[in-house]
Amino acid sequence: MTTQLSFTKIENELLPEYRRKIGSAESTEDVKKFYVYTMQDLFRQVFAGKIDLDYGDIALLPDQQPAFVISNGLNAKEDFSYIWNTSDLPNVVSRFTETAVNHYRHLEKNPKKTEAKIRM
């Protein structure tokens, strides 16, 4: 029987601040930005200095399935692929992604609210 690494503890630490940031996002671009910053925090904690994550290494793509993309450079790293394939990290990332996509779509459907916030 193989053991699976779990990162839900890190997820639970990041989640309250992430929800606050996503909830305060005034545009779809803000949602994407907060998503990427949170994924960078998550990966920094998961990989503890073994992998340096750049801003473009993960992105939110709300109109695709899956709704995120991880760069080929990051996928090619052995440390990353091992953790990705032997842990719950894909599930953790998917849950963060789902939250971001939901708020992204909400903002997309209500552009007047976004414009009103910007003008205030």
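The values are calculated or read from the model by the stated rules, or taken from the named source; none is laboratory data. Model, not experiment: these values are computed from the prediction. Virtual Cβ from ideal backbone geometry, glycine too; neighbours counted across all protein chains shown.
For residues that are among the aromatic types (Phe, Trp, Tyr) and within 14 Å of the chain's Cα centre (by Cα), scanning just region 8-60, find the one that is surrounded by the most Cβ atoms within 10 Å (Cβ to Cβ). The qualifying residue surrounded by the most Cβ atoms within 10 Å (Cβ to Cβ) is 35. Can you report the number of residues in region 52-97 which are in contact with a Lys or Arg (Cβ under 6 Å, 6 or more places away or on another chain) and under 18 Å from residue 7 (Cα atoms)? Residues meeting the conditions: 1. Look at (1) modelled with pLDDT of 95 or more; (2) surrounded by fewer than 16 Cβ atoms within 10 Å (Cβ to Cβ); (3) among the β-branched types (Val, Ile, Thr) and you find that residue 118 fails only one, number (1). Could you run through region 47-88 and say how many residues are under 16 Å from residue 99 (Cβ atoms) and among the hydrophobic types (A, V, I, L, M, F, W, C)? Summing the residues that are under 16 Å from residue 99 (Cβ atoms) and among the hydrophobic types (A, V, I, L, M, F, W, C) in region 47-88 gives 6.
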